[in-house]
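Inspection log for the structure reproduced underneath, given as structure tokens.
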Amino acid sequence: MSTMGTTAAVSSVDRDALITGDAVLLDLRTASFPTRMLSAVIDGVLQLAVLVGGTIAMVWLTARAEFDDGLVVAGVLVMSVLAYVGYPVLCEMLLRGRSVGRLVMGTRVVRDDGGPVHVRQSLIRAVMAMLEIWSTSGAIALTCSVIDRKSRRVGDLLAGTMVIQERMRDRTPLRVEVPDCLQDWVRGADVGRLPVTLMQDVRSFLPRASTINPESRRQLSRDLLRRTLPHVAPAPPPGTDPEEFLTAVLAERSRRDEQRLRRTQERQRELSAEVRTVPFSA
């Protein structure tokens, strides 16, 4: 893997970082294409079950009641609309962006800004699904999902939505410690100016560094080192290993953030105690 490819891969994470209108950074992981495919298959089977079951029930009812053939056609049309449009829209509204297939696969539909989908957006996705999934056997949706970086199909692009991976394997967080060779340096270093997205990249790289190809691992660590150095002062001692430097920065930043959070919580508790006692102190 070349340095250029590595840099592009890392910078794509920055472009995918989602910041809401309230300046809140959302760490959303888009659902992979295979996950979406399995979810669509499950929902498709249920939709076909609704359509076939409803059609058989309608035909049986009209045969017993001797209804007009036009009424049968209208009933079949209504069942088709309920199966192809009603099912996905109702599921997304009642289950907050989920469907039966997404509940099984642990995914959810959200707006591009991370908020819940509206009826209009669900309706657009359902109508477009009739064209790109049912009418073309999924060819259009497949092509668009493979091309798009977030695995979105045409309905997602038109509605301004995306499918995120909501349920993932629970991993026990590992506490990062400062390497012994950088203990003295990191105590006096300024590591508080690192961007949030850069910290996320470092946190994502270090735990899986041992599983990466050695050449790619070296390129990624050097690229992260290059991006981190402008935000750290003073620079680490000459000859410092990039991964040890990143580990030290991450560990010290986490320690200081934890201390700051504890001081804030302690101060809030003190203020709360003062508020409760002042009116009755006299």
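The values are calculated or read from the model by the stated rules, or taken from the named source; none is laboratory data. Being a predicted model, the structure only gives us computed values, none of them experimental. Here the Cβ is made from the backbone with ideal geometry for all residues, glycine too, and neighbour counts use every protein chain on show. Surface areas here come from the heavy atoms of the whole protein model, side chains and all, with no ligands, DNA or RNA. Shrake-Rupley method; radii C 1.70, N 1.55, O 1.52, S 1.80 Å.
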Of the criteria (1) within 17 Å of Gln200 (Cα to Cα); (2) among the aliphatic types (A, V, I, L, M); (3) over 27 Å from the mean Cα position of the chain (by Cα), which one Ala251 fails: (3)
Selection status of Leu250, open to solvent by less than 70 Å² (accessible area, probe 1.4 Å), within 25 Å of Asp180 (Cβ to Cβ) and either modelled with pLDDT under 90 or part of a loop (DSSP other than H, G, I, E, B) (or both): yes
Sole exception among (1) surrounded by fewer than 17 Cβ atoms within 10 Å (Cβ to Cβ); (2) among the hydrophobic types (A, V, I, L, M, F, W, C); (3) touching a residue at least 40 places away in the same chain (Cβ under 8 Å) for Leu94, by number: (3)
Test: residue in the stretch 266-276 that is modelled with pLDDT under 85 and open to solvent by 100 Å² or more (accessible area, probe 1.4 Å): yes
From Asp27, Asp69, Asp14, Asp22, residue being modelled with pLDDT under 75, open to solvent by 40 Å² or more (accessible area, probe 1.4 Å) and over 21 Å from the mean Cα position of the chain (by Cα): Asp69
For Ala235: the one exception among (1) more than 26 Å from the chain's Cα centre (by Cα); (2) within 24 Å of Pro179 (Cβ to Cβ); (3) modelled with pLDDT under 90; (4) part of a helix (DSSP H, G or I): (4)
Tally, over the stretch 119-149, of residues that are β-branched (Val, Ile, Thr) and either closer than 19 Å to Leu82 by Cβ or touching a residue at least 12 places away in the same chain (Cβ under 8 Å) (or both): 6
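Restricting to the stretch 198-226, count the residues that are farther than 16 Å from Glu252 by Cβ, of a type outside the set (Phe, Trp, Tyr) and either open to solvent by less than 40 Å² (accessible area, probe 1.4 Å) or not in a helix (DSSP H, G or I) (or both).
Taking the stretch 198-226 first, the residues farther than 16 Å from Glu252 by Cβ are 200-201, 204-205, 207-223, 226.
Filter once more, so that each one left must be of a type outside the set (Phe, Trp, Tyr): 200-201, 204, 207-223, 226.
Filter once more, so that each one left must be either open to solvent by less than 40 Å² (accessible area, probe 1.4 Å) or not in a helix (DSSP H, G or I) (or both): 201, 209, 212-213, 216, 219-221, 223.
Total meeting the criteria: 9.
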Top-ranked residue of the stretch 184-197 - restricted to ones that are open to solvent by 30 Å² or more (accessible area, probe 1.4 Å), in a helix (DSSP H, G or I) and not polar (S, T, N, Q), ranked as farthest from Leu250 (Cα to Cα): Asp184
Residue match in the stretch 76-83 (condition: of a type in the set (Gly, Ala, Ser) and in a helix (DSSP H, G or I)): yes
Of all residues in the stretch 112-157 being more than 26 Å from Leu77 (Cα to Cα) and β-branched (Val, Ile, Thr), the one that is surrounded by the most Cβ atoms within 10 Å (Cβ to Cβ): Val117
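How many residues does the stretch 86-140 hold that are part of a strand (DSSP E or B), touching a Ser or Thr at 6+ places or on another chain (Cβ under 8 Å) and under 16 Å from Met37 (Cα atoms)? If you could, list the steps in order and put the result at the bottom.
Applying the first criterion (part of a strand (DSSP E or B)) to the stretch 86-140 yields 107-111, 116.
When the remaining residues are screened for being touching a Ser or Thr at 6+ places or on another chain (Cβ under 8 Å), the result is 107, 109-111.
This time we only want the ones that are under 16 Å from Met37 (Cα atoms), so: 107, 109.
Residues that pass the stated criteria total 2.
Report whether or not Ala40 is closer than 19 Å to Asp156 by Cα and either exposed (fewer than 13 other Cβ atoms within 10 Å of the Cβ) or under 21 Å from the mean Cα position of the chain (by Cα) (or both).
On the way: closer than 19 Å to Asp156 by Cα: yes; either exposed (fewer than 13 other Cβ atoms within 10 Å of the Cβ) or under 21 Å from the mean Cα position of the chain (by Cα) (or both): yes.
So Ala40 passes the test.
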Residues satisfying the stated conditions in the stretch 227-247, i.e. open to solvent by 30 Å² or more (accessible area, probe 1.4 Å) and aliphatic (A, V, I, L, M): Leu229, Ala233, Ala235
